[in-house]
Every structure is written in structure tokens, then in C-alpha cells.
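Heads up: the structure comes next, in C-alpha cells.
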Amino acid sequence: MDETVAEYIRRTVLKIPRDEIKMMLQKWGFLSEAQLQTLNFHQIKDNISQEVVQLCEENSADIKQAAALDIIYNNIHQNKRMWTVYQMKKSGEELDYFDITDFKKKFKRRLRSALKNVTITFKEYEDNAIWIRVAWGTPYKKPNQYKPSYVVYHSQTPYVFISASVLKSNLPLLCQALIVASNYHDIREMELRSHSLNSLKDIVFKRYSQNFQTYTSKPLQGENVEPENADIRIVQENRSEKERILRLNQEVFGSGPQPKLEFAQYRLETMFKSDPKMDVLNKKEPFRCLVKFSSPHLLESLKSLAPAGMADAPLSPLLTCIPHKARNYFKIREKKGLCPESFVSP
Amino acid sequence: HLATSLPLPSERDHLRPRIDLVVFIIDIKSKYSLKNVETSLAHVDASFFLGKVCFLVTGVGRVNVCSIEMNAVCKLGETYCSPVLFCELELEGIRNATAQRLVRMLGICAGHTPGVSALSFVSLMRKSDDD
């Protein structure tokens, strides 16, 4: 077995948390049950990984199998990576029957024709997701297995989720291979990024709880604002205001859990508006400014702002449009025309 | 009665008893909180400021997230001649102790303690070198 492969397997096993190693090796299926029985999972990880490499040596593992193990690890720990969403466009309305073998063949052929030194691995999952792992090399160097790119493609949708490696220069090549293989004619990067892959899928596949406009003159249940406060000696003076805020929040965010995003970034290219007497920034140049909201769970925290009294309801549409517009990176420019309002660029 | 700001909603005017003590709660972590109190103060009748108003500053246990100037709060107390109490509502012990203090003050303001009236608070506010 190649030394680099052995080292790669050893490092991959070291990454896995100790209580997950057995499960992942079983999922991998490269080592037999008998071999797995011989492993002692109660020693330090260093030793476990050495033993695994030993067993792989017996089975003559090559880079393909090692890459398969890496995909399994990254599929389970997908939230460690930052994912960007891409949307593909078809030129016409042709309904192509999707053939997975055809897709893989075309993808590999396209990539390999441009770059000989690549390692390409595929894995299909039950939720119709195709995971692709690509390790990149150069015409003179073997692929760097430690900085691969991952692509998740749901064949029935035009969306692709890419977690690129640091080497951004390979991205155009990757995108080209994807559209060729999937019979689309164009691909564009959406301004939507997050660590939580499932939440990104929820947003673009519209699986989160949206609120549909239904006509109700009064709220359906007279929800008590603070049901645990049964003490009748406490009187809430602003009960109707609290109910209004809850109702508005419900209308905007829906009642289910929100998709998990960590950032919202707004790049402002608007004019600085000040009292003309103050003589600030007299040059008619846009005032460049970047506003970034970050949170472990951005949308849930936005949802709780108004009920917590920290912001007025309704919230700015710039914040609440994030799931509907499927983007969390915005560019705000001055609206050219009669009204100097800002508008969001496409 | 708990309210988020003043003036109180007028639709409940007929349900309200006499008001003996107004406590303005300022959260040290929020500039908005201080601003809200300052604007609400304008809606309080002047007669309340003879001992029937007090300021409660909460969140003092977390000085590292302090957003307002302590000077501003103390000056507020001086301007309106009302005591400023400090507490940390998130800790149960301090919360209970503060509640007991407020109830004691409320009792005096409502006239339940013979011989002591709300005006006593005002005289306690005067600095020792004022005379």
C-alpha cells in the first residue's frame, strides 16, 4: 500500500471522534466484520488509527477507498464546512431522464480532460443526494488529498452545494464539469452561504415553515402571552401590544423552526445622508460600509428580537426576506430616480 | 402593573387602582432601556416626584456588557430627586432582597407606615453638604 495512502487513512481516522470510529468503519465496509472485531476501541486514538492502517495494509487499500472513508466522515460532520449554493440553468424545457452512470462518466471525463491529476469519488445517499469529492493536483503534482472540494447534488433539482477547498482557482473547472455532466447550460453562484447544509437545502427546496397569507380577522387562538404567569396580582398593561408583536412575528416567520444560518452581510453603497450644514462628505460618492450580523442561529435570534423588546415589530424587510429570497449576502445601492431610497440589487 | 413604556394605554384607565409607586427599570446592557425611561419620565405627573418614583438599575453583575454610563444614571436620579437602586434580577437571592426593599418602600408610599411618608425619601436624597 502506498505510504501517502496509509498516512491519509491514519489522519482521517484520527479526525473521527472516538465513539464514532466503529460506526464509520462499518459504514465504510472496506474492513470485514472479523477484522473490525480485532480492533480495540478503548485505547488512545493514535493506536487505533495505527491498527486500522495495519488492517488496510492487509486488504491493500488504495486512494479510492481512502477517499470513500473521507466522504463518510464529511457527510456525518457536514456542518463543519462552509457551504455555498449554486443554481444551474437549463436552456430549454427538455425533460432529461437523469442517469447516474452517465452523469459520473461525463463528470470524470470533463475534469480529467482539463486536469490529469485529480481524484474523483462519488457516493449516493438515500435522500437522492450525490456526494462528489474532488482532490486537486497540478499537471506536475499528485492531488492534494488534504484539501478536497465537496459537491452535493440533488439530481431532481437545479441546485448544487459546494464546499470548496482553499484553492479557489479550481472552482470554474468544477462548475463546468457539473453543467456538462448534468446537461444544464449555465451555473451561477447564489449569495447564500452557511455551515448548516440541511438548512441551505431547507431554504432552496422551500422545506421550512412559511407563512401563507390566510385571511383571519382575529388570531385563531387567543394565545396568552405569558401562560406561566398565573399570578393574578400582576397586571400586564401592554398585553394588546404584546399580542400584536407576536402576531406580526408569526406572519413573518411562520411558526416552525427556522433554517440555521450564521451570517447576514449587507454591503452598503449608499450616499451618506446628513444635515447639509454639517459639511460631512460633501463629495457625492457612495459611503462604503459593510454591516454583518452573526449569530449561532441568526433567524431564530431575529425572530426573538421583537418579543424580547429589543426591536420594533415589524422588523425591516431586509432582515426578514432572507429565507424567501434565498440569500444572506446583499448589496444595497442607492435607488436612481425621484426617491432616494435604497434598493436591493439582484 | 407592568408596562413597557409610558403613557399607559388609555383603554384600561378605568381598571387601574391608585398608583403609589413608580419604579423605572433600567437594564445596564441596553442603551434603548435608558432612552425609553427618559422619554417615559416626561409622562409622569410632577407630584409623583416627591418620593413616589424610584429607579432600579439591573444587570450590575455583568459589568463587561455595560452599555450605559453610570454617571448618566446617577444624574438622572439627582435631576428627578429619586433614589437609584442597583440590583441583579437574574440572581434569585438579590431578586428577593430587592423585591423586599421595594415592597417596604411601597408600603411607606401607600401610607401604611405610621409616622413615615414618601417625603422622607426625598430628604434622604439630599447630600450631606447641602445645608
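The values are calculated or read from the model by the stated rules, or taken from the named source; none is laboratory data. As the structure is a computational prediction, the values presented were derived from the model and not from experiment. Every residue, glycine among them, receives a Cβ derived from its backbone with ideal geometry; neighbour counts consider all protein chains shown.
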**Prompt:** How many residues does segment A:117-173 contain that are surrounded by fewer than 18 Cβ atoms within 10 Å (Cβ to Cβ), within 18 Å of the chain's Cα centre (by Cα), of a type in the set (A, V, I, L, M, F, W, C) and closer than 17 Å to A:MET88 by Cβ?
**Reply:** 2
**Prompt:** Does segment A:144-169 hold any residues that are farther than 26 Å from A:SER199 by Cα and either free of Cβ contacts under 8 Å to residues at least 60 places away in the same chain or out of contact with any helix residue (DSSP H, G or I) (no Cβ under 8 Å at 6 or more places or on another chain) (or both), and which are they?
**Reply:** A:ASN144, A:SER169
**Complete:** With criteria (1) under 29 Å from A:ILE245 (Cβ atoms); (2) away from chain A (no Cβ under 14 Å), B:VAL116 comes up short on (1)
**Asked** Which of the residues that make up segment A:178-192 are of a type in the set (Val, Ile, Thr) and out of contact with any Phe, Trp or Tyr (no Cβ under 8 Å at 6 or more places or on another chain)?
**Response** A:ILE179
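Could you tell me which of the residues B:VAL73, B:VAL122 is closer than 18 Å to B:ILE28 by Cβ, part of a helix (DSSP H, G or I) and among the β-branched types (Val, Ile, Thr)?
B:VAL73
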**Request:** Could you grab me the full set of residues in segment B:30-45 that are of a type outside the set (Asp, Glu) and surrounded by fewer than 16 Cβ atoms within 10 Å (Cβ to Cβ)?
**Result:** B:LYS31, B:TYR32, B:LYS35, B:THR39, B:ALA42, B:HIS43
**Prompt:** Being outside any strand (DSSP E or B) and within 13 Å of another protein chain (Cβ to nearest Cβ), is that true of even one residue in segment B:76-96?
**Reply:** no
**Fill in**
In segment A:44-61, anything of a type in the set (Val, Ile, Thr) and touching a residue at least 40 places away in the same chain (Cβ under 8 Å) is listed as A:VAL52, A:VAL53
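Check whether at least one residue in segment A:271-285 is at pLDDT 85 or above and either surrounded by 13 or more Cβ atoms within 10 Å (Cβ to Cβ) or within 25 Å of B:TYR32 (Cβ to Cβ) (or both), and report yes or no. First the steps, then the outcome.
To start, the set of residues in segment A:271-285 that are at pLDDT 85 or above comprises none.
Scanning segment A:271-285 turns up no residue that is at pLDDT 85 or above and either surrounded by 13 or more Cβ atoms within 10 Å (Cβ to Cβ) or within 25 Å of B:TYR32 (Cβ to Cβ) (or both).
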**Message:** What's the number of the only condition in (1) touching a residue at least 12 places away in the same chain (Cβ under 8 Å); (2) within 16 Å of A:ALA181 (Cα to Cα); (3) of a type in the set (S, T, N, Q) that A:ASN128 fails to meet?
**Reply:** (2)
**Prompt:** When residues of segment B:7-59 are filtered for being assigned to a helix (DSSP H, G or I) and facing chain A (nearest Cβ under 10 Å), how many remain?
**Reply:** 6
**Message:** Could you go through segment B:6-21 and let me know if any residue there is β-branched (Val, Ile, Thr) and closer than 25 Å to A:ALA308 by Cα.
**Reply:** no
